[in-house]
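Structure record follows, encoded as structure tokens.
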């Protein structure tokens, strides 16, 4: 009898343990942790309105990595690329969504639309979690006579977008007055094959200083027209034609005009432009220049030709961002008149909570063709400095370095807008 009871108790215990184990295995997972990597997002708005996940400040604590990149579209809007990656060992699930916000959207409409795509992208990652207990799906049904299927767009503007803008400013104090008026016109047409852009901008910029012995009137007017036509050859190469005409009081340029053919090659497909790019550009530029004052080369006007080769490498990945651009140019009539510059930028995640950033620029400058003769203007004179007259230099540079270390609670869910 005792043996029978012992056998029954053992079978019951075995059944209970196996049932409990099955329940623990089959039960819902906890709410997933999300690391949000987006430099152009309203992060507080996202955290406030999408609450069925936890937000963490370090990707080592995350089960979902969400990378959001954005770029401008042909109509002046923004295209967002959302890459969802499952960081758990058991799964390698990933997905990519693209959201396009037109130029007519307000900032609030744009962030509402982006939030909707973030929610849609997160749903597959939370289907087996406790978030499903309070999650629902709503469908905004089309009105009567509306077709849910996307139809071919009838665009009377044929992808052309125009923008006109004007602004003015005035400021001053007892012995100083600054006034400016800016106006601009932009036109753009972008398709998968063609990219056409044109802009015309200018500014009347005046400054008056009452000195102890005289009144100084400063003229910093400038104007510029620029245009380009680009044609896509394939998923890696593009050819283009650029044109421009401009003047600048401070740059001693009465007229600088050119027409320049160019070619561009991207070693990675343009479809991956937001994640990685390695772009080489080459441009030949014949130009005509006329100067306000005689230059140090004793020129009042000249027709010259230059060439430029540039390269840019950029990666946007989970471990951070690398962006390096280098360019060199020279004039054909005298190769010693040249310029070289390099612009590196790094933002790298080293270890948990620690990120390093470095950015800078260094330029070797041997092409200041528009420098005025000292007999006309002394660039070291304080009055010339106030006027913004171009000063001779063989190089310039800038550098910025920093680090960020964050520690403490791994969660970043709460938004408190007070103060």
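Every read-out reported here was derived from the displayed coordinates using simple, explicitly stated rules and does not represent laboratory data. Because the structure is predicted, anything quoted here is derived from the model rather than measured. Cβ coordinates were reconstructed from backbone atoms using ideal geometry, including for glycine residues, and neighbour counts include every protein chain displayed.
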Worksheet entry | Two-site label geometry, residue 138 and residue 393: point separation in nm, points 7 Å out along Cα→Cβ | 5.6
Fill in: Packing-based ranking, highest mean first, of 308-321, 52-65, 163-176 given that Cβ atoms within 10 Å are counted
52-65, 308-321, 163-176
Item to complete: Over the range 244-328, calculate the relative contact order: mean separation of alpha carbon pairs under 8 Å at least 6 apart, over the residue count, as a percent.
Response: 25
Worksheet entry | Within the range 45-76, backbone nitrogen closer than 14 Å to the virtual label 7 Å beyond the Cα of residue 352 toward Cβ | 57-63
Worksheet item: residue 168 to residue 182: extension gain in nm, 0.36 nm per residue of separation minus the Cα-Cα distance?
Response: 4.4 nm
Worksheet item: If you rank 70, 367, 155 by fewest surrounding Cβ atoms within 10 Å, what's the result?
Response: 155, 367, 70
Response to the item:
Counting every C-alpha pair in the range 33-134, the percent lying more than 20 Å apart is 37
Worksheet item: Separation between the residue 345 and residue 60 pseudo-spin-labels, each 7 Å from Cα along Cα→Cβ, expressed in nm?
Response: 2.8
Worksheet item: Could you list, bin by bin from short to long, the percent of Cα-Cα pairs of the range 310-350 in 5 Å steps?
Response: 6, 21, 20, 14, 13, 9, 7, 5, 4, 1
Discussion item. Can you give me the C-alpha center-to-center distance between the range 28-83 and the range 273-324, rounded to a whole angstrom?
Written reply: 35
